[in-house]
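See below for the structure under consideration.
The values are calculated or read from the model by the stated rules, or taken from the named source; none is laboratory data. Since the model is a prediction, treat every value here as computed from it, not as a measurement. Because the Cβ atoms are built from the backbone with ideal geometry, glycine has one as well, and the counts that use them run over all protein chains shown. Calculation scope for accessible area: heavy atoms of the full protein, side chains included, ligands and nucleic acids excluded. Shrake-Rupley method; radii C 1.70, N 1.55, O 1.52, S 1.80 Å.
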Amino acid sequence: MKKFIWILGLCLVSLFIFGFNAYAQPKEGVESVTSTFYATSKVLPLEEGRMALTYEGFGVMISDTGEGLFHNATARNLGGLTIEKGAYNDERGWGVYNLQTGDKVFFTYTLTGVVRPGGIGTGKGTGTLTGGTGKLTNIQGSYEFTRTMVRSAVEGIGQSYTKMKIQYKLP
């Protein structure tokens, strides 16, 4: 009986030392992430060489290390911009990351860049993590990103990939 109690005690101590640390999330972190997106859009032609555009995008995020808070997350965003002679400096968007844990992280972003014929182009931007759900309710953070728009596989759908560096702090 003493041996059983001693083994049980040892198991409990091991669980506290090793078990809880295995599932603990870091309170803050930095992740490098690559995402791919496809988007549908509505275009409003304005005067010559100028247009307004709104879009809805859907994406998948993969952490460059293969692990982390945003690894295998999906994303949905809505945004808009004005393109004038192939350049835009007023793109704004809002969205949500859906994490594998079931929690959500909300974000906003701004972006500037260029678009060439065929929807090919590049842009640089910054974003802010504005909150979340569940264990991430009061998450705070920011990110910088570079978006590369590629020739789409299907007419009427925009496709791109994004390289991001996300800094976050958990409550």
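Name the pairs: first residue in the range 108-121 and closer than 13 Å to Gly93 by Cβ, second residue of a type outside the set (Val, Ile, Thr) and open to solvent by 40 Å² or more (accessible area, probe 1.4 Å), Cβ to Cβ under 6 Å, at least 6 apart or on different chains?
Short answer, once both residue conditions are applied: Thr108/Trp94; Thr110/Arg92; Thr112/Asn89.
Being in a loop (DSSP other than H, G, I, E, B), on the phi < 0 side of the Ramachandran plot, modelled with pLDDT of 95 or more and surrounded by 10 or more Cβ atoms within 10 Å (Cβ to Cβ) is the requirement here; does Thr65 meet it?
yes
What's the number of the condition Asn21 fails, among (1) closer than 28 Å to Gln100 by Cα; (2) at pLDDT 95 or above; (3) open to solvent by 70 Å² or more (accessible area, probe 1.4 Å); (4) of a type outside the set (Ser, Thr, Tyr)?
The failed condition is (2).
For the range 25-62: of the residues being farther than 15 Å from Gly80 by Cβ and small (Gly, Ala, Ser), which is farthest from the chain's Cα centre (by Cα)?
Step by step, filter the range 25-62, then rank; the result is Gly49.
Looking at the range 132-142, can you tell me whether even one residue there is open to solvent by 30 Å² or more (accessible area, probe 1.4 Å), over 20 Å from Leu44 (Cα atoms), small (Gly, Ala, Ser) and in contact (Cβ under 8 Å) with a residue 12 or more places away in the chain?
Yes.
Within the range 78-94, can one find any residue that is over 24 Å from Gly49 (Cβ atoms) and open to solvent by less than 20 Å² (accessible area, probe 1.4 Å)?
No, there is no match, as no residue in the range 78-94 is over 24 Å from Gly49 (Cβ atoms) and open to solvent by less than 20 Å² (accessible area, probe 1.4 Å).
Looking only at the range 121-139, count every residue that is polar (S, T, N, Q) and within 20 Å of Ser160 (Cα to Cα) and tell me the total.
Qualifying residue count for the region: 2.
In the range 143-171, how many are part of a strand (DSSP E or B) and open to solvent by 40 Å² or more (accessible area, probe 1.4 Å)?
10
So, in the range 112-131, how many residues would count as being under 16 Å from the mean Cα position of the chain (by Cα), open to solvent by 20 Å² or more (accessible area, probe 1.4 Å) and over 20 Å from Ile62 (Cα atoms)? Can you show your working first?
So in the range 112-131, the residues under 16 Å from the mean Cα position of the chain (by Cα) come out as 123-131.
In the following step, the residues that additionally are open to solvent by 20 Å² or more (accessible area, probe 1.4 Å) were identified as 124, 126, 128, 130.
Applying the additional criterion that residues be over 20 Å from Ile62 (Cα atoms) yields 130.
Looking only at that region, the number is 1.
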